[in-house]
Amino acid sequence: NFFSDGVVSPARKQLLTSFLSDPTVKKIILKREDLLAVHVSQLRAVLSGSFRSKVLDDVEVKVDVADFQRFVDEYHDVYRFYEWICTSIDHDSSASVFHVSYADLEH
């Protein structure tokens, strides 16, 4: 997960560019539209120390408006980067990139 800490470093960008450009690798880019839910989920995971397969609905968090705005800006930056890479690779490779909405998986 290249977005886990909200930063896409130059080293991560280089690795991600190489990975997404590889036509032998099938890629799924999962995007959640409800950014507040994403942010709260991330805050809960950090507070609880549990990042996988655990329901954390009972973990209360406080959302700071400025922190949330930074999160939203970084989230959009990451997905703009994904889109830039996916549109920069050749057409044969782009067939191996699948965009999935989190909402689509809930149905």
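The values are calculated or read from the model by the stated rules, or taken from the named source; none is laboratory data. All figures in this text were calculated on a predicted structure; none of them were measured in a lab. Reconstructed Cβ throughout: ideal geometry from the backbone, glycine too, with neighbour counts over all protein chains shown. Protein only, heavy atoms only, side chains kept; ligands, DNA and RNA dropped before computing areas. Shrake-Rupley method; radii C 1.70, N 1.55, O 1.52, S 1.80 Å.
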Considering residues of the range 48-59 that are among the charged types (D, E, K, R) and farther than 13 Å from Ala37 by Cα only, the residue surrounded by the most Cβ atoms within 10 Å (Cβ to Cβ): Lys54
For Gln69: the one exception among (1) modelled with pLDDT under 85; (2) polar (S, T, N, Q); (3) open to solvent by 60 Å² or more (accessible area, probe 1.4 Å): (1)
Residue within the range 76-83 that is of a type outside the set (Gly, Ala, Ser) and open to solvent by 90 Å² or more (accessible area, probe 1.4 Å) present: yes
Sole exception among (1) over 24 Å from Ser96 (Cα atoms); (2) loosely packed, with under 14 Cβ neighbours inside 10 Å for Leu43, by number: (2)
Condition check for Lys27: among the basic types (Lys, Arg) and in contact with a His (Cβ under 8 Å, 6 or more places away or on another chain): no
Filter result for Ser18 (of a type in the set (Gly, Ala, Ser) and open to solvent by 50 Å² or more (accessible area, probe 1.4 Å)): yes
Selected residue (criterion: modelled with the lowest pLDDT) from residues of the range 24-40 that are open to solvent by less than 80 Å² (accessible area, probe 1.4 Å) and of a type outside the set (A, V, I, L, M): Lys27
